1. As a test question: what accessible area, to the nearest 10 Å², does Leu25 have when a 1.4 Å probe is rolled over all protein chains in place?
2. Given labels modelled 7 Å from the Cα in the Cβ direction, how far is it in nm from Thr37 to Val21?
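The values are calculated or read from the model by the stated rules, or taken from the named source; none is laboratory data. Remember, it's a predicted structure, so these values are computed and weren't measured experimentally. Cβ placement follows ideal geometry from the backbone for every residue including glycine, while neighbour counts extend to all protein chains displayed. Just the protein is used for accessible areas: all its heavy atoms, side chains included, with ligands, DNA and RNA removed. Shrake-Rupley method; radii C 1.70, N 1.55, O 1.52, S 1.80 Å.
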Amino acid sequence: METLAQFGDGGPGPWILLFPVIWVLVIGGAITLLRRTVWRGRRGPGRPSAVEDHSPIAVLGHRFASGEIDEDEYWRRLTVLDEQFGRTGRGGAS
């Protein structure tokens with residue numbers, strides 16, 4: 001009876017079973033790496049927003065939208081909040 005592709009006659013022997021295990025580990029590692037890096041920011045509708053609902057900037061936006069403050073006051077207060085809370089990404093440093 002021949003076992004594992006003719007082990008005694010120069011065939012690959014039991015090592016042939018190792019290759020599928022290696023491919024499963026490589027594919028699983030790639031998927032894990034992608035899920036922790038690239039795909040992390042692409043969540044569905046339940047993902048948290050960039051600005052929390054109770055943050056000072058969000059409250060200021062709600063006040064402006066409801067008409068409690070005018071546009072000039074909104075922009076004046078927003079610049080103060082940007083300096084105080086260090087919001088980045090609008091042409092500033094870091």
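1. 120
2. Once both label points are built, they end up 2.7 nm from each other.
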